[in-house]
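A.B. asks: Encoded as structure tokens, here's the structure I'll be asking about.
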Amino acid sequence: AAARAAVAGMDADDGEGEGEAGLELGEYSGLLLKASGDGQVYTMVVRTSAYELDGLEYRHDFRTRAKGFTTARLPFAGFAPYRDGKPVQAGGAPELDRRSISGLALGFYPQRQGVRVAKEGVGLPFYLSLARVKAYRERDEPEVVYLSAGAAAADLAADDAAAAVQQKDAATALAMEEQAAGGAPAGGEED
């Protein structure tokens, strides 16, 4: 006997019911969510335009802590395809299309908790409070590098000093060239 699942989510509908705008997350590597829970396993569900065509959605499980917040990093590559609530065999579905996400949902499936549910319709109590969901990028180098104000000022002062020395050296070299050529120093006039 299967217990009922609890699923709550949002879709990318524009609010007027005339088509979906969708989320364009093609440049992102996955989702990062912060939630407070009860130590049980929850599922992030992502739907794309493929859901409307053939009921295909993508799921990724994450575990919460019994007390306090959990941050779960869910790479798009880790989302598994499901059709009609059942896993799709390898090669039986396309990879998740991050450019056409039409909905996100959070699911709770009692049968995944390792607890035998006595009879159908009897649920397992659960608690999940979602603080935020963000998309993240994987980069070879960090996107932001912090420099303290002191380090930046010291670098600028060193650059200014080096530029002043180069200007003085250039002026000295020009004056020496003109003297060697028998002319007047640069900027001077002959009587």
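Just so it is clear, none of the values below were taken in a lab; they were calculated from the coordinates. A quick note: this is a predicted structure, and the numbers were derived from the prediction, not measured. Backbone-built Cβ (ideal geometry, glycine too); neighbour counts: all protein chains shown.
A.B. asks: Net charge near Val41, counting Lys/Arg +1 and Asp/Glu -1 over other residues with Cβ under 9 Å of its Cβ?
C.D. replies: +1
A.B. asks: Give me a comma-separated list of calculated 3J(HN,Hα) values for the range 72-80, in order, Karplus coefficients 6.51, -1.76, 1.60 applied at θ = phi - 60°, integers in Hz, x for any Gly or Pro.
C.D. replies: Along the range 72-80, the couplings run 10, 9, 10, x, 4, 5, x, 7, 9 Hz.
A.B. asks: Starting from 0.36 nm per residue, how many nanometres of slack lie between Gln167 and Asp97 once their C-alpha separation is accounted for?
C.D. replies: 19.5 nm is the gain from fully extending Gln167 to Asp97.
A.B. asks: On to the next question. Name the long-range amide H neighbours of Leu56: under 5 Å, sequence gap of 5 or more, or other chain; modelled H, no Pro or chain starts.
C.D. replies: Under 5 Å from the amide H of Leu56 lie the amide H atoms of Tyr51, each far enough along the sequence or on another chain.
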